[in-house]
Amino acid sequence: KNEVEQSPQNLTAQEGEFITINCSYSVGISALHWLQQHPGGGIVSLFMLSSGKKKHGRLIATINIQEKHSSLHITASHPRDSAVYICAVRSRGGADGLTFGKGTHLIIQP
Amino acid sequence: DAEITQSPRHKITETGRQVTLACHQTWNHNNMFWYRQDLGHGLRLIHYSYGVQDTNKGEVSDGYSVSRSNTEDLPLTLESAASSQTSVYFCASSPGYEQYFGPGTRLTVT
């Protein structure tokens, strides 16, 4: 069983919709990352969280350490938000390397 | 501007050949990582390094080796390429928690 589970695996929505992507993990962590990967493959770090909530533009990330759960929200979604969103965790006491979820493939239709 | 680069970006090789993928970063980060990305598995950690002369095995290290002779470079070597090593390879560097990813190398082993 993967230590990091994301849902949904695939999501298609209309432009303007509010998007939520969920991430659950089973290990104690020191940090959780949300990454974005566009077609063409480049990976960009969106957020790094160890508690609470962070906001950047239309993107919001939250984490509940007790429930081992994080969400990534996109408000007023736009076709340029279409990408794969990946949740990754840095285990507490483990290597600095990340353990990744399998990603959520998001398509925003105009 | 500081950056992280990978070369080559695409490579086709034959089974049994030795292959080296290059990763170079100009941020002077101590921590560097190699991941592979495969459909159905997401990204997985191959090897990582915390500094010069330091190397460590990750989740999927069999068949791969790395060396760290300076801060800027962490080359990944496939000693005898196998078809199972066909994948997209990402290098990343980190000053601590945040990770910065290279553009990736698509490797095909025929």
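The values are calculated or read from the model by the stated rules, or taken from the named source; none is laboratory data. Treat the numbers as computed from the prediction; the structure is a model and nothing was measured. Cβ: placed from backbone, ideal geometry, glycine included. Neighbour counts: every protein chain shown. SASA here: full protein model, heavy atoms, side chains in, ligands and nucleic acids out. Shrake-Rupley method; radii C 1.70, N 1.55, O 1.52, S 1.80 Å.
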Near residue A:107, within a Cβ-to-Cβ distance under 12 Å, what is the net charge of the other residues, with Lys and Arg +1 and Asp and Glu -1? -2
What figure in square angstrom, to the nearest 10, would you give for the accessible area of residue B:62 with a 1.4 Å probe? 130 Å²
Let me know the charge dipole size of chain B about its Cα centre in debye, to the nearest 20, where only the beta-carbon of Lys, Arg (+1) and Asp, Glu (-1) is charged. 280 debye
How long are the semi-axes of the equivalent ellipsoid of segment A:1-87, defined as square roots of 5 times the Cα gyration tensor eigenvalues? Whole Å, largest first. 21, 14, 12
Just grab the label-to-label distance for residue A:10 and residue A:82, each label 7 Å out from Cα along the Cβ direction, in nm (one decimal). 1.4 nm
Contact-by-burial set, segment A:41-68, min loss 30 Å², accessible area of protein heavy atoms with 1.4 Å probe, reference chain alone, gives A:43, A:45, A:48
Cα-based equivalent ellipsoid, segment B:20-61: semi-axes from gyration tensor eigenvalues, Å: 21, 12, 9
Over chain B, what is the relative contact order in percent, taking alpha-carbon pairs closer than 8 angstrom and at least six residues apart? 35 percent
Need the C-alpha centroid separation for segment A:60-110 versus segment B:42-73, integer Å. 25 Å
For chain A, what is the charge dipole size about the Cα centre, in debye to the nearest 20, if Lys and Arg each add +1 at the Cβ and Asp and Glu each add -1 at the Cβ? 240 debye
Cut-off of 10 Å, at most 13 other beta carbons, DSSP loop: longest stretch of chain B lacking such trypsin sites (Lys or Arg not before Pro): B:18-110
Computed lengthening from residue B:55 to residue B:20, 0.36 nm per intervening residue step minus Cα-Cα distance: 11.0 nm
To the nearest 0.05, how large is the calculated FRET efficiency for residue B:41 and residue B:3 if R₀ is 30 Å and r is the Cβ-Cβ distance? 0.65
Set of segment B:92-110 residues, backbone N closer than 19 Å to the point 7 Å along the Cα-Cβ line of residue B:82: B:107-110
Treat every Asp and Glu Cβ in the protein assembly as shown as -1 and every Lys and Arg Cβ as +1, leave all other atoms uncharged, and give the resulting dipole magnitude about the Cα centre to the nearest 20 debye. 260 debye
